[in-house]
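Quick notes on the structure that follows.
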Amino acid sequence: MAVLNFYKYQGCGNDFILLDRRNEDFPIQSNQIIALCDRRFGIGADGLMELMNSNLHDFTMRYYNSDGNESSFCGNGGRCIAQFAKDLGIVLGDSTNFLFKDLPYSAVFLSNGTISLQMQDIEEFNTKGNDLFFDTGSPHYIRFRSDIDSMDLIHFAREIRYSADFPEGINVNIVEVINENTIKMRTYERGVEDETYSCGTGVTAAAIAFHFSNLTQRNQINVETKGGNFQVEFKEISGKYSEVKLIGPAVKVFEGSIDL
């Protein structure tokens, strides 16, 4: 039986198991990830990340959803693994760069304790009625409506997530406009198959959709989630969004060891 040393981090309630895998002692299996992420019989988390070596960057990020499957990019996870790298002493300054599935990402540690994560550019948008869906590192479906707290998100989201329109699945978000620079949102995440307290790529998608839909002219958006608040900044020229930054906290919760 192997002993696994782990670390638990969270970004606005979106929580992760972090593993320092630079020595790659033994591979983590899908069934082990499911067991580790189980909230009753394991550590409990929305996902698991491995920090691995990189020749050209500070580290490489590998991400798995709690269903045990390797997944697309995670914005909250990106900030948490950046903080993890800093806590491990891999990052000594106020910024870091890392690799995820051959794509470079960067993060800056801000003086107020938050982390600004550089996200990918966005220029392709799709519509379905009045709804939007597009990719921010992970695919997201956006619906604007009022009184999102009273909505049955799970029922609504699963009809979309499992529809024939999205054979690989999609994350589903409902968004409420508070004022010209603030929105509130809830997210159902594929791979977790439930509502999460927040979703970084979903927060980014909601803020971009807010601007793309001509509901605001601001390029600095405050986003409220069940787990906490974010800021999203961007530049937009002719429908192309660049210099997209997701700003929010990343906090170590605890560390320990567990038998596998």
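Within segment 37-82, restricting attention to residues that are among the hydroxyl-bearing types (Ser, Thr, Tyr) and free of Cβ contacts under 8 Å to residues at least 40 places away in the same chain, the residue that is nearest to residue 113 (Cα to Cα) is 63. For segment 219-240, the set of residues classified as among the hydroxyl-bearing types (Ser, Thr, Tyr) and either part of a strand (DSSP E or B) or not assigned by TED's automatic domain parsing to the domain that holds residue 174 (or both) consists of 225 only. Within segment 161-173, residues that are assigned by TED's automatic domain parsing to the domain that holds residue 223 and touching a residue at least 24 places away in the same chain (Cβ under 8 Å) reach partners that are among the hydrophobic types (A, V, I, L, M, F, W, C) and in a loop (DSSP other than H, G, I, E, B) with beta carbons closer than 8 Å, at six or more positions or on different chains, in the pairs 161/170; 171/199; 173/199.
Being touching a strand residue (DSSP E or B) at 6+ places or on another chain (Cβ under 8 Å) and more than 19 Å from residue 234 (Cα to Cα) is the filter; apply it to segment 129-145 and report the residue that is surrounded by the fewest Cβ atoms within 10 Å (Cβ to Cβ). Among them, the one singled out is 130.
If you take the residues of segment 193-223 that are of a type in the set (A, V, I, L, M, F, W, C) and surrounded by fewer than 24 Cβ atoms within 10 Å (Cβ to Cβ), which of them is nearest to residue 39 (Cα to Cα)? Top of the filtered list is 221. Looking across segment 205-260, just one residue is among the acidic types (Asp, Glu), closer than 19 Å to residue 10 by Cα and free of Cβ contacts under 8 Å to residues at least 60 places away in the same chain, and that is 224. When segment 119-156 is filtered for residues that are of a type in the set (A, V, I, L, M) and touching a helix residue (DSSP H, G or I) at 6+ places or on another chain (Cβ under 7 Å), the ones remaining, listed by number, are 119, 122, 132, 142. The set of residues from segment 132-160 being in a loop (DSSP other than H, G, I, E, B) and touching a residue at least 60 places away in the same chain (Cβ under 8 Å) comprises 136, 137, 138.
For the condition closer than 25 Å to residue 50 by Cβ and in the same structural domain as residue 233 (by TED's automatic domain parsing), residue 136 qualifies. Here residue 68 does not qualify as crowded, with 23+ Cβ neighbours inside 10 Å, at pLDDT 95 or above and more than 15 Å from residue 7 (Cα to Cα).
Exactly one residue among 117, 92 is touching a Gly at 6+ places or on another chain (Cβ under 8 Å) and farther than 15 Å from residue 213 by Cβ, and that residue is 117.
The values are calculated or read from the model by the stated rules, or taken from the named source; none is laboratory data. From a predicted model like this one, the values you see are computed outputs, not experimental measurements. Positions of Cβ are backbone-derived with ideal geometry, glycine not excepted, and every protein chain shown enters the neighbour counts.
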